[in-house]
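First up is the structure itself, then whatever we jot down about it.
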């Protein structure tokens with residue numbers, strides 16, 4: 001409550017300076033200061049709401065990207081095991097999954113801390129997720145479905161965040 005009183009006192013001083021030599025009683029001056037505060041609140045309300053929405057979207061994108069990183073790392077492990085078993089066709093998907101996991105990790109970190117670079121990173125992350133999903137889909141391997149789904153979801157979220 002003390003910060004509201006200080007803010008009101010600051011507004012009173014601003015109104016006094018703005019009005020110059022105009023004489024007003026304290027009650028009128030305080031009422032005018034309250035009106036100024038109310039105007040500031042009304043005008044800044046949408047900006048604060050937009051900032052809150054942007055932060056909520058960044059947090060959602062951070063979580064989605066982190067979940068995709070986990071799925072891509074698991075897909076990499078699956079592909080690695082397939083390659084070790086002689087199925088060389090999994091090599092491109094393994095590489096794509098590993099790279100995508102790294103990009104999703106970076107995207108999650110930048111979004112979580114509201115970095116000014118998060119939009120550029122999210123744009124790149126969406127492209128990596130598209131490439132990873134495409135490589136994994138070529139294999140028609142049910143073990144890669146979770147990775148494909150996570151990549152599609154993350155690509156969509158990241159594109160929204162990059163706007």
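The values are calculated or read from the model by the stated rules, or taken from the named source; none is laboratory data. Computed from a predicted model, the values in this text were never measured in an experiment. A quick note on method: Cβ atoms are made from the backbone with ideal geometry, for glycine too, and the neighbour counts reach across all protein chains shown.
Within the range 146-158, track down each residue that is surrounded by fewer than 24 Cβ atoms within 10 Å (Cβ to Cβ) and either outside the structural domain of residue 97 (by TED's automatic domain parsing) or closer than 14 Å to residue 94 by Cα (or both).
148
Restricting the search to the range 136-157, which residues are in contact with a helix residue (DSSP H, G or I) (Cβ under 7 Å, 6 or more places away or on another chain) and not in a helix (DSSP H, G or I)?
139
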